[in-house]
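All remarks here apply to the structure that follows.
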Amino acid sequence: MNLYEAIFLRQSVRQYSMTAVAPELLKRIGSFYEQIKPLFPGIKTEIGLVENTDGKWRAGGIFGIKAPYFLTFYSEVRDRAEMNAGYICGQLSLFMMTEGLGSCFIGTAGLREIPSVRADKKLLMVLAFGLPKGPLMRRAGDARRLPVSELCVYKEAPKRWMTQVIEAARLAPSYKNSQPWRFVVVGRRIHIFSKKEGMDKPKKWSEFSFGVMFSHIAVASEELWLEVDLIRLENVSQKNFRNNQYVLSAIVKEQGENAE
Ligand SMILES: Cc1cc2nc3c(=O)[nH]c(=O)nc-3n(C[C@H](O)[C@H](O)[C@H](O)COP(=O)(O)O)c2cc1C
């Protein structure tokens with residue numbers, strides 16, 4: 001299974017076997033993190049590992065998640081740091097799937113043992129992970145997600161690869177499955193909007209979720225031999241989705257194709 005295939009099979013895993021995993025596998029997670037190209041390369045980040053195979057800790061109180069490992073994600077506090085964090089953590093979660101590990105984003109609250117600051121960086125996310133007690137995967141059709149017709153307006157008949165990129169974005173996990181994103185696709189451009197109600201929820205999680213969704217666009221584009229640039233355009237119309245706020249545009253093109 002590769003990262004792209006993992007998009008279609010991934011689900012949040014909340015029940016874990018407390019068995020330890022091979023140290024080499026933990027190292028591979030670290031190496032994978034090291035080679036991820038961040039969304040905003042100027043923002044310094046680092047990850048840590050908290051082992052909990054003795055089951056001492058449960059994130060989020062007694063009804064919370066008991067996992068054998070917690071990956072901690074720290075970042076400099078900068079504009080768009082949460083989006084950058086979501087982009088990196090989204091890929092980490094997919095990578096864990098390819099290695100047979102389940103994971104679940106659990107925010108930052110609820111584990112006193114994890115320091116919220118590390119030198120010049122702040123804790124932005126904890127990813128619970130380990131071998132799942134139940135099934136690791138599910139079929140894409142079983143994911144509770146809004147249909148494409150509610151999320152996306154195609155201004156013209158899309159190329160097949162564009163529908164594949166949108167499908168990968170649609171399947172992205174989000175805080176409380178809020179799926180705050182909306183898309184208007186014009187040719188090779190995906191204009192991305194945020195539902196205003198989504199912004200009432202803690203903004204941090206909305207921005208983080210957008211980062212996770214962008215990681216799905218990036219992984220799908222790489223798999224399909226597409227190049228993708230995320231840019232902010234100044235003249236994008238908001239009229240397709242009332243109550244939505246413009247976030248960014250993804251310009252997707254086939255490799256070697258000239259930009260318009
Ligand atoms: C930013 C973010 C924060 C999340 N926080 C929690 C959490 O605190 N506890 C939890 O059980 N799940 C949490 N989740 C997981 C979501 O509830 C889950 O991804 C969503 O419901 C979709 O389900 P799926 O991941 O199984 O596809 C979080 C997800 C994201 C992206």
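Restricted to segment 146-195, and to residues there that are free of Cβ contacts under 8 Å to residues at least 60 places away in the same chain and β-branched (V, I, T), the residue that is farthest from the ligand (Cβ to nearest atom) is V186. Within segment 12-31, residues that are touching a residue at least 40 places away in the same chain (Cβ under 8 Å) have Cβ atoms under 7 Å from residues that are part of a helix (DSSP H, G or I) and loosely packed, with under 15 Cβ neighbours inside 10 Å in no pair, counting only partners at least 6 apart in sequence or on another chain.
Looking at this structure, is F208 closer than 30 Å to L26 by Cα, assigned to a strand (DSSP E or B) and touching a helix residue (DSSP H, G or I) at 6+ places or on another chain (Cβ under 6 Å)? For F208, the condition - closer than 30 Å to L26 by Cα, assigned to a strand (DSSP E or B) and touching a helix residue (DSSP H, G or I) at 6+ places or on another chain (Cβ under 6 Å) - is not met. Just so you know, in segment 126-145 the residues that are within 12 Å of the ligand (Cβ to nearest atom) and part of a helix (DSSP H, G or I) include one that is surrounded by the fewest Cβ atoms within 10 Å (Cβ to Cβ), and it is D142. Scanning segment 40-76 for residues that are closer than 20 Å to S215 by Cα, more than 15 Å from the ligand (Cβ to nearest atom) and either loosely packed, with under 13 Cβ neighbours inside 10 Å or not basic (K, R) (or both) turns up F40, P41, G42, I43, T45, E46, I47, Y74, E76. Between F95, F40, F8, F70, the distinction of being in a loop (DSSP other than H, G, I, E, B) and not hydroxyl-bearing (S, T, Y) belongs to F40 only. Of all residue pairs spaced 6 or more apart or on separate chains, those with beta-carbon atoms under 6 Å, a first member in segment 205-234 that is in the same structural domain as V185 (by TED's automatic domain parsing) and polar (S, T, N, Q) and a second member that is in a helix (DSSP H, G or I) and modelled with pLDDT of 90 or more are S209/Y175; S215/Y87; S215/G90; S215/Q91.
The values are calculated or read from the model by the stated rules, or taken from the named source; none is laboratory data. These figures come from a predicted structure and were not determined experimentally. Note that we place each Cβ from the backbone using ideal geometry, even for glycine, and neighbour counts take in every protein chain shown.
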